[in-house]
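Chemist: For reference, the structure I am asking about is given below.
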Amino acid sequence: VTDPLRVHGDADIRDRALLDFAVNVRLTEPPAWLRERIARASLGRYPDDEGAVAAVARRHGRAPADVLLTAGAAEAFVLLARALRPAHAVCVHPSFTEPEAALRAAGHAVERAVLRRPFTLSAGDIPDTADLVVIGNPTNPTGILHAADLLAGLCRPGRVVVVDEAFMDFVPSASASESAPASLAGRGDLPGLVVVRSLTKMWGLAGLRVGYLLAPAALAARLRASQPLWPVSAPAIAAVEACMGAQAIAEAQASARDVAAERARFAQALSMLGLDVSAAATANFVLARAATGLRATLRRHGIAVRRGDTFPGLGDDWIRISVRDGASNALLLDVLAGLSDALRLPAAASVNAPV
Ligand SMILES: Cc1ncc(COP(=O)(O)O)c(C=O)c1O
């Protein structure tokens, strides 16, 4: 039996060719200009990340010593779990489960702060004694974008606050040169703040394994000491450098705005069909309550959506649906429209049930 914390969207599409609304990576492969940059990386030499680290530092207004490249955000969670000795670790849920899985695998006890619908955080949800707090922003799968001030307020001496910003590239900012207003990536002043970023979601690079973290230099050095030698390959380093450029950031911003517009249309159409769509979406997916068997019904129609029941705090009447292009989304909507209410709609009794 698989640990529910170790179930991810890719499991929903592994065994069959299905139309994929389960994995929340924007592209099936990276854009051509990025593939070319990756292909040009030298495979004969050991990787050198100095230029890429400088590029990340420049993008976020940080010192290079605050930057650590990682083999995806996933590696960052393992490094944190192995390097830190938290006495009271708290993971905020529902959320991506790998941080908690990594902490447990490293032998740490983890307390869960489970947010109830509408899944917003209050400062009081985090116990004062917590010396390690992990939270996603925007959060997978709820789509909630927590205010930067609220998360900054969690930071204090003696506590590490890990903010997983794997989906932050989907949050449009006022101008191409600015970071998303909710991002804490530029906040080198906050004690114990670790911001984790990924290239996976925006750039269609799930298979390359590349991301980075930003932390006060001493903490970044501690995490670096837990890494193996040359943990990030030359092609992955080339991708980082390419994606930190002004043109890439402008492209990501344009894409974030397109995704937001398509998501609004899609979420409204799903609501019109009776799904109980969580209102807060800010990334390239929506979370919804629906009939308990809807995921299985959609599979029979060749469509995969992400199961909700493996996220602490959600049950099997929740599904996460990726926002695809208009034509693919229309296909899913057509299939849903053809289903009877009983196959599609959340149980009426639980709509107003106390949470
Ligand atoms: C919120 C969140 N953070 C991090 C990750 C891991 O990303 P990476 O591919 O960079 O390891 C995922 C992957 O699903 C995710 O959903």
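Chemist: Under a Cβ-only charge scheme (Lys and Arg +1, Asp and Glu -1), can you give me the dipole magnitude of the chain about the Cα centre, in debye to the nearest 20?
Modeler: Details: 37 positive and 35 negative charges, 59 e Å.
Dipole of the chain, to the nearest 20 debye: 280 debye.
Chemist: Taking Cα pairs under 8 Å and at least six residues apart, what relative contact order does the stretch 1-103 come out at, in percent?
Modeler: 27
Chemist: With the contact rule set at Cα under 8 Å and sequence spacing of 6 or more, what percent relative contact order holds for the chain?
Modeler: The normalised contact order for the chain reaches 24 percent.
Chemist: Let me ask another. Where does the stretch 52-129 land on the Kirkwood hydrodynamic radius, alpha-carbon pairs, in angstrom?
Modeler: 14.5
Chemist: Rounded to two decimals, what is the ratio between the C-alpha radius of gyration of the stretch 222-329 and 2.2 N^0.38 Å?
Modeler: My calculation over the Cα atoms of the stretch 222-329 gives 1.42.
Chemist: Would you please give the residues with an amide H less than 5 Å from that of Leu193, counting only those at least 5 places away or on a separate chain, with H modeled from the backbone geometry?
Modeler: It is Val161, by chain and number.
Chemist: Okay, moving on. Dipole of the chain (Lys/Arg Cβ +1, Asp/Glu Cβ -1, origin at the Cα centre): which of Phe170, Ala106, Ala55 lies farthest to the positive side?
Modeler: Ala106
Chemist: Same structure, new question: Grab the eigenvalues of the alpha-carbon gyration tensor for the stretch 141-182, scale each by 5, take roots, and send me the semi-axes largest first in whole angstrom.
Modeler: On the way: eigenvalues 93, 34, 17 Å².
They are 22, 13, 9 Å, listed from largest to smallest.
Chemist: Taking only the Cα atoms of the chain, how large is their convex hull per residue, in Å³? Walk me through the intermediate numbers first.
Modeler: Working: hull volume 49.3 nm³, N = 355.
It is 139 Å³ per residue.
Chemist: Same structure, new question: Mean Kyte-Doolittle of at least 0.5 plus a Cα span of 15 Å or more along the axis: flag which DSSP H helices in the chain meet both, please.
Modeler: For the chain, where a helix must reach 15 Å along its axis and average at least 0.5, the hits are 72-83, 326-337.
Chemist: For the stretch 140-277, what is the Kirkwood estimate of the hydrodynamic radius, computed as the reciprocal of the mean inverse distance between distinct Cα atoms, to one decimal in Å?
Modeler: Averaging 1/r across every pair of different Cα atoms and inverting gives 16.8 Å.
Chemist: A further question follows. Based only on other Cβ atoms within 10 Å, what is the fewest-to-most ordering of Ile237, Ile144?
Modeler: Ile237, Ile144
Chemist: Now a separate question. Charges on Cβ only, +1 for Lys and Arg, -1 for Asp and Glu, centred on the Cα centroid of the stretch 92-165; of Leu115, Ile144, Leu132, which one is farthest towards the dipole's positive end?
Modeler: Leu115
Chemist: For the stretch 106-202, just run the numbers: alpha carbon Rg, then divide by 2.2 N^0.38 Å, N being how many residues it has.
Modeler: 1.08
No lab work stands behind these numbers, since they all come straight from the coordinates. Treat the numbers as computed from the prediction; the structure is a model and nothing was measured. Cβ coordinates were reconstructed from backbone atoms using ideal geometry, including for glycine residues, and neighbour counts include every protein chain displayed.
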